[in-house]
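The values are calculated or read from the model by the stated rules, or taken from the named source; none is laboratory data. In this text, all values refer to a predicted model and were calculated from it rather than measured experimentally. Here Cβ is always computed from backbone atoms with ideal geometry, including for glycine, and neighbour counts include all displayed protein chains. Heads up: the accessible areas ignore ligands, DNA and RNA and are worked out on the full protein's heavy atoms, side chains in. Shrake-Rupley method; radii C 1.70, N 1.55, O 1.52, S 1.80 Å.
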Amino acid sequence: MIHGQGYFPETFTAHCWNADGHWVYLTAHRGNVTGWVSVAYVYYTDMGPIGYC
C-alpha cells in the first residue's frame, strides 16, 4: 500500500533499518512526513550510522 511519494531531488533523514534490512524509516525534510520505504527506492549520499529500529 502506498501512502505517499517523494520526488527527485527531495532529501530525507534515514533513522533506522527494520530487522530484515529491507526497509528504512525516513523523515522527509519537506513537511516532516515520516514513513517506511523499501531500500530498493533509496539512494544514499551519506551512509552515516543508523541502526535497527
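Remark: the range 26-32, residue by residue, has Karplus-estimated 3J(HN,Hα) of 10, 10, 6, 6, 9, x, 6 Hz, where x stands for each Gly or Pro and the curve is 6.51 cos²θ - 1.76 cosθ + 1.60 at θ = phi - 60°. Normalised size of the chain, defined as Cα radius of gyration per 2.2 N^0.38 Å with N residues, equals 1.07.
Simple spin-label estimate for Trp17 and Thr34 gives 2.1 nm between the two label positions (7 Å along the Cα-to-Cβ direction from each Cα).
On a per residue basis, the chain carries 84 Å² of accessible surface, using protein heavy atoms and a 1.4 Å probe. Bridge orientation summary for the chain: considering DSSP beta bridges with both residues in this region, about 85 percent are antiparallel. What a 1.4 Å probe finds exposed on the chain is 60% carbon and sulfur by accessible area, rounded to a whole percent.
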